[in-house]
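Inspection log for the structure reproduced underneath, given as structure tokens.
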Amino acid sequence: MKYIFKVFVLGLLTLVGVSNLSAREFVGDNPSPQKKTNTFRASCTESRSETDVNINNVRARLRGGGDMWWDGNDAIYVVPNVDPASGEPAVSALFSGAIWLGAYDEGGNLILAAQTYRSSGNDYWTGPLDPDLGTVEKSDCERWDEHFTVFGDDITSLRADFLDPLNPGVQSTPSKGLLGWPGRGNPHFASLNGFPIEEYNQDLAPFIDANNDGVYNPYDGDHPIIEVTGCESFNYNNPVYADQMTWWVYNDNGNLHTQTNGLSMKMEVQVTAFGYRTTDAINDMTFYRYKLINRNKLALTDTYFSLWTDPDLGCYSDDYIGCDTLTGMGYVYNSDANDDNPCGTGGVPGYGANVPALGVDYFRGPLDSAGNQIGLSSFQYHINSGSDPKGDPQSALGYYRLISGYWPNGTPITAGGDGYDPNNSTADPTPYVFPSFPDESGGGVWSMCSESLSVLDQRFLHTSGPFVLLPGRTNEMISGVVWVPNIPDYPCPSLRELVEADVLAQNLFDNCFKITDG
């Protein structure tokens with residue numbers, strides 16, 4: 001466990017990424033006053049649901065309230081995957097992750113939703129929003145405080161039964177995961193989950209519809225799939241599904257935003273986390289597809305979507321971070337050849353002398369108002385501190401500044417050193433911090449290793465923006481986490497093997513996550 005200081009002070013810290021290549025207007029200390037609206041808000045309570053993606057060499061904790069990779073106390077992105085009952089040390093490579101959203105409405109009000117460590121409260125609650133009103137009832141939040149999981153082996157068995165040429169269409173009993181999947185109109189859902197999904201006249205968990213009747217029913221051969229925009233060419237004879245898929249839904253309008261004190265965006269977020277059991281580097285990966293549905297009736301301007309990641313590569317006190325601008329991968333590596341084991345006063349397990357590296361690749365971001373992919377606009381960071389100007393945001397404005405290219409105190413993030421130069425207050429924010437690989441040298445190189453920076457427990461942010469978020473717009477954010485063992489050549493190691501693994505992950509995304517046979 002990290003110091004208690006992290007769990008409390010860090011609770012204010014989550015947004016992600018920041019600028020694009022053009023200069024952006026500085027967000028000053030006195031923005032337009034927040035105009036309180038009469039938007040209905042339920043009194044939803046904090047999500048308690050937790051489960052793991054646990055199909056390959058990774059065991060990754062998923063939580064229902066917008067955060068993941070920890071259980072509220074300890075990091076749980078365990079790789080290599082060990083059985084908790086085995087007594088072997090479970091070393092985690094990530095501590096936490098979440099989505100941060102920021103924008104301004106037409107009245108000049110700051111919209112901000114983020115999640116970190118729940119120490120100050122929550123900005124997200126479980127359940128879908130009403131498609132017309134953008135609201136949610138407390139009872140809906142309670143109903144949907146669940147994760148829904150299916151396994152590829154069960155899908156393969158269902159398909160074998162359904163496509164059996166000797167008994168076409170005849171089904172043995174599908175698994176509970178298939179019967180309880182929250183696909184639209186599922187007639188078996190209520191018996192397993194306690195409420196009828198027919199009350200929600202909207203698309204929820206993705207599935208392939210064998211008979212095109214618009215209703216999910218595994219007895220008709222329907223089954224869950226990985227849904228990615230642009231991959232509609234995959235059909236029932238060539239479906240896309242993983243060895244484990246877990247789906248859940250949350251929103252930012254179930255209560256007041258006590259994490260950031262920002263106003264609600266009325267955003268519904270449907271998440272599919274998945275993994276594959278393979279014999280190559282994909283066996284060390286996990287993937288995440290976020291479907292973000294804007295239920296707001298008004299356009300929002302200067303919008304940023306961010307993936308916020310707190311990477312702790314075993315021991316959190318000796319990590320360096322960086323960004324590969326070519327692939328969009330943010331990564332974490334060790335600052336020396338030994339990852340302290342145990343780490344710190346809490347005794348967190350480290351990797352010791354067999355030091356790995358980990359990358360988070362940002363495959364897809366939101367669309368601009370013209371429907372074009374924005375991609376990765378910026379890669380930024382902040383540190384574990386409540387007093388350092390590079391530290392945790394303390395207000396909604398601090399969060400927004402961080403994702404729009406400024407430190408929380410309003411100083412632009414600039415190239416060189418640690419990115420903080422209070423004497424360079426008129427500079428344009430740099431889009432990407434630490435864009436050089438650690439083993440690069442020569443003029444213009446900028447990495448934590450080349451700068452010999454102090455280790456300060458960093459978190460990083462992949463961001464897309466600014467853009468105009470139109471009413472009713474559906475967007476995607478898709479990411480993958482790659483991990484490779486035993487990085488050599490310290491100090492300032494080569495990350496060639498991590499890049500090669502990331503190329504494999506990128507190819508999988510480019511193929512709509514369809515694993516090639518063989």
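The values are calculated or read from the model by the stated rules, or taken from the named source; none is laboratory data. Since we're looking at a predicted model, the values are computed, not measured. Positions of Cβ are generated from backbone atoms using ideal geometry, with glycine treated the same way; all protein chains shown enter the neighbour counts. These accessible areas exclude ligands, DNA and RNA; they are computed on the full protein's heavy atoms, side chains included. Shrake-Rupley method; radii C 1.70, N 1.55, O 1.52, S 1.80 Å.
The distance linking the stretch 157-221 with the stretch 346-406 is 38 Å (Cα centroid to Cα centroid, whole angstrom). Length available on full extension from Asp153 to Val468: 0.36 nm per residue minus the Cα-Cα distance, which gives 109.2 nm.
How would you classify the stretch 282-321 from its alpha-carbon gyration tensor, with a ≥ b ≥ c the square roots of the eigenvalues: rounded for a/c under 1.5, else prolate if a/b is greater than b/c, otherwise oblate? It comes out oblate by the Cα gyration axes. The listed residues Ser385, Ser317, once ranked by accessible area (1.4 Å probe) with the largest placed first, stand as Ser317, Ser385. When Rg and the Kirkwood Rh are both derived from Cα coordinates, the Rg/Rh ratio for the chain amounts to 0.96.
Spin-label model, Leu256 to Asp388: label points 7 Å out along the Cα-to-beta-carbon direction sit 3.2 nm apart.
What trypsin sites (Lys or Arg not before Pro) does the stretch 222-305 have in DSSP loop regions with at most 16 other beta carbons within 10 Å? Answer in residue order: Arg277, Lys297.
By the Cβ rule of 4.7 Å, the chain holds the following cysteines without a possible disulfide partner: Cys323.
Once both labels are positioned 7 Å from their Cα atoms along Cα-to-Cβ, the gap between Asp213 and Asp280 label points is 4.0 nm.
Stretched out straight at 0.36 nm per residue, the stretch from Ala160 to Thr325 would grow longer than its current Cα-Cα span by 55.1 nm. The length gained on full extension between Asn424 and Thr45, counted as 0.36 nm times the residue separation minus their Cα-Cα distance, comes to 132.1 nm. Derived scalar couplings between HN and Hα for the stretch 229-243 equal 4, x, 10, 5, 5, 6, 10, 5, 7, 8, x, 10, 8, 9, 6 Hz in order, rounded to whole Hz, by the Karplus curve 6.51 cos²θ - 1.76 cosθ + 1.60 (θ = phi - 60°), x for Gly and Pro.
Annotation: amide H-H contacts under 5 Å for Gly127 (H modelled 1.01 Å from N, sequence separation of 5 or more, or interchain): Val249, Tyr250, Asn251. Of the GluC sites (Glu not before Pro) found in the stretch 156-241, the ones in coil according to DSSP and having at most 11 other Cβ atoms within 10 Å of their Cβ are Glu232.
Rg of the Cα atoms in the stretch 120-210, relative to 2.2 N^0.38 Å, amounts to 1.31.
Given axes a ≥ b ≥ c from the Cα gyration tensor, I'd like to know whether the stretch 434-473 is rounded (a/c under 1.5), prolate (a/b larger than b/c) or oblate. Prolate, because a/c is 1.5 or more and a/b exceeds b/c.
Between Asn486 and Ser139, the simple label model (points 7 Å from Cα in the Cβ direction) yields a spacing of 5.8 nm.
Sorting the segments 214-221, 203-210 by their mean number of nearby beta carbons within 10 angstrom, highest to lowest, gives 203-210, 214-221. Here the dipole of the stretch 107-200 is about 160 debye; that uses its Cα centre as origin and unit charges on the Cβ of Lys and Arg (positive) and Asp and Glu (negative). The apolar share of the surface of the chain, taken as the fraction of accessible area on carbon and sulfur atoms (1.4 Å probe, ligands and nucleic acids excluded), comes to 48 percent.
Calculate the dipole size of the chain relative to its Cα centre from +1 charges on Lys and Arg beta carbons and -1 charges on Asp and Glu beta carbons; express the result in debye to the nearest 20.
1200
For the stretch 265-348, the residue among Cys343, Tyr304, Gln270 whose Cα projects farthest onto the positive side of the dipole built from Cβ charges is Gln270.
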